[in-house]
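Contents: one structure, followed by commentary.
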Amino acid sequence: MKRTSIITVNFNQPEVTLDFLQSIKLHTKLAEVEVILVDNGSSEDHSAVFLKEYPELIYISSAENLGFAGGNNLGIARASGEYLLFLNNDTEITGSLVSELTGALDENPEIGLISPLLLYFDAPDVIQYAGSTKMNYITCRNSTIGAMETNRGQYDRAFEETAFCHGAAMMCRKADLASAGLMDNNFFLYYEELDWCEKFKKAGKKIWFTGRTLVYHKESMSVGKESKIKTYFMTRNRMLFIRRNTSWLNTLFFSLYYIGIASPKQVFMYSRKNRKDLIKWVFLGLKWNFTHSKDSNDLGFKI
């Protein structure tokens, strides 16, 4: 029997993680999955509580917060399953998730990464993700298909190619990592799954979406709507993504747009919202890209 390794990362969210483990226990079979929890530098040790809820849990404690990519990479190193299912700890799954995703990979060897339909946990009839459009690499913008639509089954089709997966729920084959590689730790937070999708594409694989199964996502629990850490890494990593995945000429055109239009617009928005405390983090995110190589592991931010 082929096995799936479910990998999740916890950072100071014990209650949310317990709900996640209860959802996994309810909707999966022990013979088919192993669950790996990476505790990513949390301030308190809740391992006993997690193991009491899910005794078969593979618990990994990291002394420092390695970010979304780094935490998941720790989980990958311990995974024994043929399939790797990455789930945010603020998600709750449904019974068909593992079988539908593994079935899609079995039927379609060209798939590298696949994500299910995502619905908002607090508004379970509202869609968060049903695939994504292609990226405009000059502006580094694309759109999420189905976002904020009422779910009426309009995306319940089997499988289809899409531009990017959603980091809250995605699956790949462990064997494909030999060619695609791991997530890059230097993103830390935001854009890491987009960069990973690009790596799979370069390895000759495709990115797919399926609406035949779904996950409920408690969005906005990990990082606030507006915070210095979000502002900094969203600014920094948008440019880093372009630097890592496009030509020098495209990077030049993007930089002119980003510095001359997009970033001033962001600063103006923060001024209007009376969030001037966030403005400096826009400039610091930009500055990082001019003082560090695209492969630098220096985050430029003290976590």
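Quick notes on this structure:
- The listed residues are Ser143, Ser80, Ser62, Ser132, and the only one of them that is modelled with pLDDT under 95 and among the hydroxyl-bearing types (Ser, Thr, Tyr) turns out to be Ser62.
- Filtered residue count, region 216-256, keeping only those that are modelled with pLDDT of 95 or more, in a helix (DSSP H, G or I) and over 23 Å from Leu87 (Cα atoms): 19
- The residues of region 74-85 that are surrounded by fewer than 19 Cβ atoms within 10 Å (Cβ to Cβ) and not hydrophobic (A, V, I, L, M, F, W, C), listed by number, are Arg78, Ser80, Glu82.
- In region 24-71, the residue that is farthest from Leu194 (Cα to Cα) out of those that are out of contact with any Leu (no Cβ under 7 Å at 6 or more places or on another chain) and of a type in the set (Ser, Thr, Tyr) is Ser47.
- Given (1) closer than 24 Å to Arg3 by Cβ; (2) touching a Leu at 6+ places or on another chain (Cβ under 7 Å), index of the condition Tyr129 fails: (1)
Conditions tested, residue by residue: (1) outside any loop (DSSP other than H, G, I, E, B); (2) surrounded by 15 or more Cβ atoms within 10 Å (Cβ to Cβ); (3) of a type in the set (S, T, N, Q).
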position: Lys2; (1), (2), (3): no, no, no
position: Ala48; (1), (2), (3): yes, no, no
position: Tyr59; (1), (2), (3): yes, yes, no
position: Glu64; (1), (2), (3): no, no, no
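- The residue that is surrounded by the fewest Cβ atoms within 10 Å (Cβ to Cβ), counting only those in region 166-191 that are in contact with a helix residue (DSSP H, G or I) (Cβ under 6 Å, 6 or more places away or on another chain) and within 17 Å of Thr133 (Cα to Cα), is Gly167.
- Every pair of residues 6+ apart whose Cβ atoms lie under 8 Å, when the first sits in region 1-15 and is closer than 17 Å to Glu34 by Cβ while the second is in a strand (DSSP E or B) and among the aromatic types (Phe, Trp, Tyr): Lys2/Tyr83; Arg3/Tyr83; Thr4/Tyr83; Ser5/Tyr83; Ile7/Phe86; Thr8/Phe86
- Test: Gly211 is under 22 Å from Thr102 (Cα atoms) and surrounded by 21 or more Cβ atoms within 10 Å (Cβ to Cβ): yes
- Which numbered condition Pro264 fails, given (1) modelled with pLDDT of 95 or more; (2) loosely packed, with under 15 Cβ neighbours inside 10 Å; (3) of a type outside the set (A, V, I, L, M, F, W, C); (4) part of a loop (DSSP other than H, G, I, E, B): (4)
The values are calculated or read from the model by the stated rules, or taken from the named source; none is laboratory data. Bear in mind that the values here come from a model prediction, so they are computed numbers and not experimental data. Neighbour counts are summed over all protein chains in view; Cβ atoms, including those assigned to glycine, are modelled from backbone coordinates with ideal geometry.
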